[in-house]
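Please read the structure below before turning to the comments.
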Amino acid sequence: MKAPYIFDFIPFKEDMVERDNEQALVRDVTKLLLELGTGFAFLGNQYHLNVGGDDFYIDLLFYNLNLRCYMAI
């Protein structure tokens, strides 16, 4: 990694794989964003988009009902 990251909120285990780390991060970030207020709807994680024949995956996709816009992370 280019810069140090501190993930103290994730209970690491010796046999964890990258997917386990991702799921723990997604769970905590999702919880944080949903606590921001009303109007956020969680649409999914690893949300698939096909743009111009290329595949992309959005880590987290939310929709804000009040602002009528998507929030992609």
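The values are calculated or read from the model by the stated rules, or taken from the named source; none is laboratory data. Since this is a predicted model, take the numbers as computed values, not measurements. Cβ: placed from backbone, ideal geometry, glycine included. Neighbour counts: every protein chain shown.
Once segment 35-71 is narrowed to residues that are touching a residue at least 24 places away in the same chain (Cβ under 8 Å) and of a type in the set (Gly, Ala, Ser), the residue that is farthest from Ala24 (Cα to Cα) is Gly39.
For (1) at pLDDT 75 or above; (2) touching a strand residue (DSSP E or B) at 6+ places or on another chain (Cβ under 9 Å), each residue gets a yes or a no:
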site	(1), (2)
Ile6	no, no
Lys13	no, no
Val17	yes, no
Leu33	no, yes
His48	yes, yes
Ile73	yes, yes
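One residue is enough: does segment 14-33 have a residue meeting the conditions assigned to a strand (DSSP E or B) and either on the phi < 0 side of the Ramachandran plot or among the hydroxyl-bearing types (Ser, Thr, Tyr) (or both)? No, the conditions are met nowhere in segment 14-33.
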